[in-house]
Amino acid sequence: MLRYLIQRIIINTIMFLAIAGFFPMKFQVQNVLVAVIAAIVLSLLNIIVKPLLMIITMPITVATMGISMLFINALILELTSYILGGAFHFYSFGTALMVAIIMSVVNGILSIHASEKNS
């Protein structure tokens, strides 16, 4: 569990830095330390807050066949931004949604790769 959490933090840190580099006018990460802290905060929010949001929004998630999960992920990213302040900032909710989509795709690919590697 701890190894998985550390891997997620490292991967999310790299993704934050890469995405902010590709979209500097839409998403700001002040430096590497801020990216690491943001990845830690995001991990904690995913452990604590996200399960509650998933329970509350279950009917919507079922009705939208899971697409609403992207909005929940964007909301968690916005909450991370709020906690960290200006050093980690999305310039719009649309940008947070875009980052959530990119991160979901990358994490999905990495999960598939990891499961194939372990088989």
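The values are calculated or read from the model by the stated rules, or taken from the named source; none is laboratory data. All values reported here derive from a predicted model rather than from experimental measurement. A quick note on method: Cβ atoms are made from the backbone with ideal geometry, for glycine too, and the neighbour counts reach across all protein chains shown.
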Considering residues of the range 41-60 that are modelled with pLDDT under 90, hydrophobic (A, V, I, L, M, F, W, C) and surrounded by 13 or more Cβ atoms within 10 Å (Cβ to Cβ) only, the residue farthest from THR80 (Cα to Cα): ILE60
Identify all residues within the range 7-17 that are surrounded by fewer than 19 Cβ atoms within 10 Å (Cβ to Cβ) and of a type outside the set (A, V, I, L, M); write none if there are none. GLN7, ARG8
List the pairs whose first member sits in the range 50-73 and is hydroxyl-bearing (Ser, Thr, Tyr), whose second member is exposed (fewer than 13 other Cβ atoms within 10 Å of the Cβ) and not in a helix (DSSP H, G or I), and whose Cβ atoms are under 9 Å apart, counting only residues at least 6 apart or on separate chains? THR61/ILE67
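Do you know which residues across the range 46-102 are of a type in the set (Gly, Ala, Ser) and within 12 Å of the chain's Cα centre (by Cα)?
If we filter the range 46-102 for residues that are of a type in the set (Gly, Ala, Ser), which is where we start, we get 63, 66, 68, 74, 81, 85-87, 92, 94, 96, 100.
If the condition is that a residue be of a type in the set (Gly, Ala, Ser) and within 12 Å of the chain's Cα centre (by Cα), then ALA74, SER81, ALA96, ALA100 are the ones that fit.
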Which of the residues that make up the range 18-33 are surrounded by fewer than 17 Cβ atoms within 10 Å (Cβ to Cβ) and assigned to a helix (DSSP H, G or I)? ALA18, GLY21, PHE22, VAL32, LEU33
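With ALA38, ALA74, ALA63, ALA87 as the choices, which residue is more than 22 Å from ALA114 (Cα to Cα), loosely packed, with under 13 Cβ neighbours inside 10 Å and at pLDDT 90 or above?
Details: ALA38 fails: loosely packed, with under 13 Cβ neighbours inside 10 Å; ALA74 fails: loosely packed, with under 13 Cβ neighbours inside 10 Å; ALA87 fails: loosely packed, with under 13 Cβ neighbours inside 10 Å.
Exactly one of ALA38, ALA74, ALA63, ALA87 is more than 22 Å from ALA114 (Cα to Cα), loosely packed, with under 13 Cβ neighbours inside 10 Å and at pLDDT 90 or above, namely ALA63.
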